[in-house]
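The values are calculated or read from the model by the stated rules, or taken from the named source; none is laboratory data. Because the structure is a prediction, the values reported are computed rather than measured. Cβ atoms come from the backbone with ideal geometry, glycine included; neighbour counts cover every protein chain shown. Calculation scope for accessible area: heavy atoms of the full protein, side chains included, ligands and nucleic acids excluded. Shrake-Rupley method; radii C 1.70, N 1.55, O 1.52, S 1.80 Å.
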Amino acid sequence: MDDTIRRNPSRKECEKAIRRILITEILENGKNKHFRMATDFITYFEALYPPSDSLTKQVQRAVKAMNMPKDEDGFFIIDRTPEQVAQDKELHSLLEHAGARVESLDDCERIFLALDPDYRNYITYRISHSDTLRDKYVTIQETNNGLIIYTREKKKLEQVLQRLMLLG
């Protein structure tokens, strides 16, 4: 038998090669833009091994065993499981419906409002529904003995809170 002819790779070897190919694709292009099905990998394997039906089937078995999810355009996703993709889609949908946005708190100042823990939830609710306070804070964090209020208008918020505490 001729030593220059290489035997077909095992399924595990094919999986490793496919993983390397896809990782290289992501590193070069930012995402997979070329590989949608097992046959898309064949030219790479045929450059290393003699073309044959058994090589094609081995690559197909490897792709199937890897159980890779696909993105919305049908390209393989290498860095997540099908479960992670489903979770990400659900989270995306929830964030979209909620009108979510990332907002930096770097330019915010904090005010601590010390209060009886039994009133924490209700006061948080009342502040979040107050027309007077609506535009005076960014978010409220409950703590074990009060509230931390993040604001971009510390002086105004302090004045309004002081006024509300003095109402009688």
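Just one of Ile111, Ile78 is among the β-branched types (Val, Ile, Thr) and either open to solvent by 50 Å² or more (accessible area, probe 1.4 Å) or at pLDDT below 95 (or both); which is it?
Ile78
Could you check how many residues of region 90-131 are touching a residue at least 24 places away in the same chain (Cβ under 8 Å) and within 24 Å of the chain's Cα centre (by Cα)?
Total meeting the criteria: 2.
Against the condition at pLDDT 95 or above, of a type in the set (D, E, K, R) and open to solvent by 70 Å² or more (accessible area, probe 1.4 Å), how does Glu90 come out, does it pass?
yes
Do we find that Arg134 is outside any helix (DSSP H, G or I), under 33 Å from the mean Cα position of the chain (by Cα), basic (Lys, Arg) and farther than 30 Å from Asp71 by Cα in this structure?
Values: outside any helix (DSSP H, G or I): yes; under 33 Å from the mean Cα position of the chain (by Cα): yes; basic (Lys, Arg): yes; farther than 30 Å from Asp71 by Cα: yes.
Spelling it out, Arg134 is indeed outside any helix (DSSP H, G or I), under 33 Å from the mean Cα position of the chain (by Cα), basic (Lys, Arg) and farther than 30 Å from Asp71 by Cα.
Considering only region 45-54, I want to know if a residue exists there that is open to solvent by less than 90 Å² (accessible area, probe 1.4 Å) and in contact with a helix residue (DSSP H, G or I) (Cβ under 6 Å, 6 or more places away or on another chain).
Yes: one or more hits.
Residue under question is Cys14, and the condition is that it be touching a strand residue (DSSP E or B) at 6+ places or on another chain (Cβ under 6 Å) and in contact (Cβ under 8 Å) with a residue 24 or more places away in the chain; does it hold?
no
Which one is most open to solvent (accessible area, probe 1.4 Å), of the residues in region 137-168 that are in a loop (DSSP other than H, G, I, E, B) and in contact (Cβ under 8 Å) with a residue 12 or more places away in the chain?
It comes out as Asn144.
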